[in-house]
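The values are calculated or read from the model by the stated rules, or taken from the named source; none is laboratory data. In this text the structure is predicted, and so the values were computed from the model without any measurement. In this analysis, Cβ positions are derived from the backbone assuming ideal geometry, glycine residues included, and neighbour counts consider all displayed protein chains. With ligands, DNA and RNA removed, areas are computed over all heavy atoms of the protein, side chains included. Shrake-Rupley method; radii C 1.70, N 1.55, O 1.52, S 1.80 Å.
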Amino acid sequence: MLTGLQGEWSTVALLAKQARLQGLMVGSRRQQQDYVAALEQSRVRPVLDSSFSLDQLADAFRYQASGAHFGKVAVEW
């Protein structure tokens, strides 16, 4: 729960939009640090398909949506 345990929700607005909520569980910061350290030690690297500059963000999204990529689509700023 990245925003805490409480928050204000408009149930009526959610129902009107027919919104679907799905939770996402993440680990602690320490677990992430351990994971990154393990990746660095094992020298596992992601496959980078392409890289776009920030002013090409729309192109990056279109490219990813096309499904033509193999690996990560990166945006640099």
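Flag: Q56 does not match the condition of being at pLDDT 95 or above, open to solvent by less than 100 Å² (accessible area, probe 1.4 Å) and touching a strand residue (DSSP E or B) at 6+ places or on another chain (Cβ under 6 Å).
The condition (being outside any loop (DSSP other than H, G, I, E, B) and either within 30 Å of Y63 (Cβ to Cβ) or in contact with a Lys or Arg (Cβ under 8 Å, 6 or more places away or on another chain) (or both)) is satisfied by just one residue among V36, V26, V44, V12: V36.
No other residue among L15, L21 is aliphatic (A, V, I, L, M) and touching a Leu at 6+ places or on another chain (Cβ under 8 Å) apart from L21. Mind listing just one residue for me: the one in the stretch 1-59 that is within 17 Å of the chain's Cα centre (by Cα) and among the β-branched types (V, I, T) and, of those, farthest from A74 (Cα to Cα)? Ranking the candidates gives T3 first. Count, please, the residues in the stretch 47-69 that happen to be in a helix (DSSP H, G or I) and among the polar types (S, T, N, Q). Adding up the residues that qualify gives 3.
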